[in-house]
Amino acid sequence: MKKRYLKILSIIIVIAMAAAFIAACADEPAAPAPEVETPEVETPADPPEEEEEEVEAQGLPEAPEETAQTYLRVLAPSLAVSMDPTVSNDSASADFARLVYSTLVLQDYNTFEPLPSLATSWEFVDAQTLVMEIRQGVYFHNGDPMTTEDVAFSLTRAGAAEQVAPIIGMIDTVTADSDTQITINLEIPFAPILRHLAHPAAGIVPMNYINEIGDEAFADAPVGTGPFAFSELVIGDRYELVRFDDYWGDVPVIETITWRLVPDPSTRLIEVSTGTADIAMAIAPADIAVAETDDNVNLMRRLSLGTDYVWMNAQRPYLEDARVRQAINYAIDTQAIINTVFMGAGAVVHGPVAPIVWGYQSQEPFNVDLDRARELLAEAGLEDGFELEIWWNTPNTQRQQASEMIQHSLGQIGIDVTIDTMEWTDYLARADNGEHDMMIIGWTTVTGDIDYALFPILHSSNYGAAGNRGFWSTPDLDRLLEEGRQELDEAARMEIYREAQSIIREEAPMIVLRQGELLWAVNPNLRGLVLAPNMAQNYAPVWFEIG
């Protein structure tokens, strides 16, 4: 096996901000991609000897050269909406993209700081000009060598794609300066640009191949530079991937991956327990105890960059008043919801973002205080109570249970809550139109930067499908969110977001239920898998223990 580089694979992964963008980060089932024919995976003839370039590790273990099993079977709650990284920003599509495509930048799994990948180094010439040195000796799965023209083409193409433009759209132009260097010119100074370049939407694709077959055909027969190459798709069931032996980094010991759709979380767990699968993504909190006592399962857990929250639509009657929104927050026992609904998975959050997101600053908590809640309603002239409706989407039973607990809590302060449910597509479409009073949803800040956590869902330019389904904003918050993404001094930027989070706490546009937690059931002999808080798992270093 060829000499290995330290193992790294591209990140991802938030935010987002057309309907597909927000849907992505809500971690909901997505439609399977269309059926395709298997593309050929070619090996370049007599590749030139290249000087090895060391790359910084993500803190991942090194795989041995032998493994007890050369195939990996993964069970997922959904399949990719598209295999083209620029077409959709849903979480399932991002999972696929990280296997097949490489990005210019990676992120450390703990600090989310940028690390070299296809770009070996970079320098900011000024606030809007980024020069990057591009790795040499990299090949696409079809055998074409990757060039700086491919890099410029890929970023330009992604920036023009509506679904992922919020991730890459701040790029004005990309030029291939030479065989080894590109220059990225930004429309505005954008502090988290390197983190955005680690997003799967910024995956590098082959220019000549796409120009030859077209975008639609490329989505059916994707080609990248990642550790695994696409092999086959069976509609509504699975896709198959094969190891790319000329991968630029550390070649996996796993030879094939079968990525299969199994919507029911309990069924996913059972398959790992009975040995018909190796990884069950996202098991149900109700199954934690079962997984913990099963000798055939290793339960992996890690707090994530995601949050679950309840939008309160500020354009609906009663909810336009911040005192009412505060009162509702004072009535909700989020710790009780975590303990009862999520079986202890996750953590209480004192603010609008997960504590491990850069820029988070703890706010004064809304500790349960029914007397204060009633006082606020009286100040708003609503001491006699009123009616609201809360939505949850099928088949998310945790959101159903949370809705019922919220219904009970608000009843204690005179708010009569009715509950409605609908399937995911209708759920989002009606919320985009502002038809809801309250709705439960989730968001994952895949970049690890607070801009990705706040701008898509709280800026006034993003009402509705773009992400702000609370239909709430203030001019001061808009100004701060715009300043925060452009401020390059870290201390000054932190102060901007301190003020922004203080406004959000005071205006209370949402009820933050919890910080999410990854719950995966895996084969006890599986080694090398590290859960990433941004859900950007790297499967390249995975192997199975022998004996």
- Do we have Val131 as at pLDDT 95 or above, assigned to a strand (DSSP E or B) and at negative phi here? yes
- Quick count over segment 243-288, residues being part of a strand (DSSP E or B) and closer than 20 Å to Ser82 by Cβ, is 5
- Look at segment 425-462 and say how many of its residues are among the hydroxyl-bearing types (Ser, Thr, Tyr) and more than 22 Å from Ile496 (Cα to Cα). 2
- Message: Taking the criterion of being within 15 Å of Leu526 (Cβ to Cβ) and small (Gly, Ala, Ser), would at least one residue in segment 280-300 satisfy it?
- Response: yes
- Matching residues in segment 355-367 - criterion: being touching a helix residue (DSSP H, G or I) at 6+ places or on another chain (Cβ under 8 Å) and buried (at least 17 other Cβ atoms within 10 Å of the Cβ): Val357, Trp358, Gly359, Tyr360, Gln361, Gln363, Phe366
- Message: I'd like to verify a number: residues in segment 472-504 that are surrounded by fewer than 22 Cβ atoms within 10 Å (Cβ to Cβ), in contact with a Pro (Cβ under 9 Å, 6 or more places away or on another chain) and either in the same structural domain as His196 (by TED's automatic domain parsing) or not aliphatic (A, V, I, L, M) (or both), how many?
- Response: 3
- Query: Which of the residues that make up segment 264-292 are under 19 Å from Gln401 (Cα atoms) and of a type outside the set (Ser, Thr, Tyr)?
  - Reply: Asp264, Pro265, Ala282, Ile283, Ala284, Pro285, Ala286, Asp287, Ile288, Ala289
- Task: Go through segment 368-377 and give me each residue that's of a type outside the set (Asp, Glu), surrounded by 14 or more Cβ atoms within 10 Å (Cβ to Cβ) and outside any loop (DSSP other than H, G, I, E, B).
- Result: Arg372, Ala373, Arg374, Leu376, Leu377
- Message: Residue under question is Ala152, and the condition is that it be among the aliphatic types (A, V, I, L, M) and buried (at least 18 other Cβ atoms within 10 Å of the Cβ); does it hold?
- Response: yes
- Message: When you check Val348 against the structure, is it surrounded by 19 or more Cβ atoms within 10 Å (Cβ to Cβ) and assigned by TED's automatic domain parsing to the domain that holds Ile504, yes or no?
- Response: no
- Query: Would it be correct to say that Arg399 is in the same structural domain as Ala380 (by TED's automatic domain parsing), basic (Lys, Arg), loosely packed, with under 15 Cβ neighbours inside 10 Å and at negative phi?
  - Reply: no
- Residue within segment 331-344 that is under 30 Å from Arg493 (Cβ atoms) and in contact with a helix residue (DSSP H, G or I) (Cβ under 9 Å, 6 or more places away or on another chain) present: no
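I want to confirm something. Restricting to segment 441-470 and keeping residues that are in a strand (DSSP E or B) and aromatic (Phe, Trp, Tyr), which single residue is nearest to Pro200 (Cα to Cα)?
Trp443
Looking at this structure, is Arg316 basic (Lys, Arg), in contact with a strand residue (DSSP E or B) (Cβ under 9 Å, 6 or more places away or on another chain), in a loop (DSSP other than H, G, I, E, B) and more than 18 Å from Ala94 (Cβ to Cβ)? Break it down into steps so the answer makes sense when it comes.
On the way: basic (Lys, Arg): yes; in contact with a strand residue (DSSP E or B) (Cβ under 9 Å, 6 or more places away or on another chain): yes; in a loop (DSSP other than H, G, I, E, B): yes; more than 18 Å from Ala94 (Cβ to Cβ): yes.
For Arg316, the condition - basic (Lys, Arg), in contact with a strand residue (DSSP E or B) (Cβ under 9 Å, 6 or more places away or on another chain), in a loop (DSSP other than H, G, I, E, B) and more than 18 Å from Ala94 (Cβ to Cβ) - is met.
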- Message: Take the residues in segment 403-421 that are surrounded by 16 or more Cβ atoms within 10 Å (Cβ to Cβ) and of a type in the set (A, V, I, L, M, F, W, C); name whichever of them is farthest from Trp311 (Cα to Cα).
- Response: Ile413
- Query: Quick one: what pairs do we get from segment 238-249, first residue assigned by TED's automatic domain parsing to the domain that holds Tyr539 and under 18 Å from Leu79 (Cβ atoms), second part of a loop (DSSP other than H, G, I, E, B) and among the acidic types (Asp, Glu), C-beta under 9 Å, 6+ apart or different chains?
  - Reply: Val242/Glu255
- Scan (1) of a type in the set (Asp, Glu); (2) modelled with pLDDT of 95 or more; (3) within 24 Å of the chain's Cα centre (by Cα); (4) more than 29 Å from Ser461 (Cβ to Cβ) for the single condition Asp108 breaks and write down its number. (2)
- Item | Ser304, sole failed condition from (1) crowded, with 22+ Cβ neighbours inside 10 Å; (2) in a helix (DSSP H, G or I) | (2)
- Query: Checking Leu529 against (1) surrounded by fewer than 24 Cβ atoms within 10 Å (Cβ to Cβ); (2) within 20 Å of the chain's Cα centre (by Cα); (3) under 29 Å from Phe190 (Cβ atoms), which single condition isn't satisfied?
  - Reply: (3)
- Do any helices (runs of 4 or more DSSP H) entirely within segment 151-227 hold 2 or more residues that are more than 27 Å from Ser91 (Cβ to Cβ) and modelled with pLDDT of 95 or more, and if so, which? 207-213
- With respect to Trp543, is the statement that it is under 24 Å from the mean Cα position of the chain (by Cα), within 29 Å of Ala94 (Cα to Cα) and among the aromatic types (Phe, Trp, Tyr) true? no
- Answer yes or no: is there a residue in segment 405-423 that is touching a Gly at 6+ places or on another chain (Cβ under 8 Å) and assigned to a helix (DSSP H, G or I). no
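The values are calculated or read from the model by the stated rules, or taken from the named source; none is laboratory data. None of the values given here were measured: they were computed from a predicted structure. Methodologically, a virtual Cβ is constructed for each residue, glycine included, from the backbone with ideal geometry; neighbour enumeration extends over all protein chains shown.
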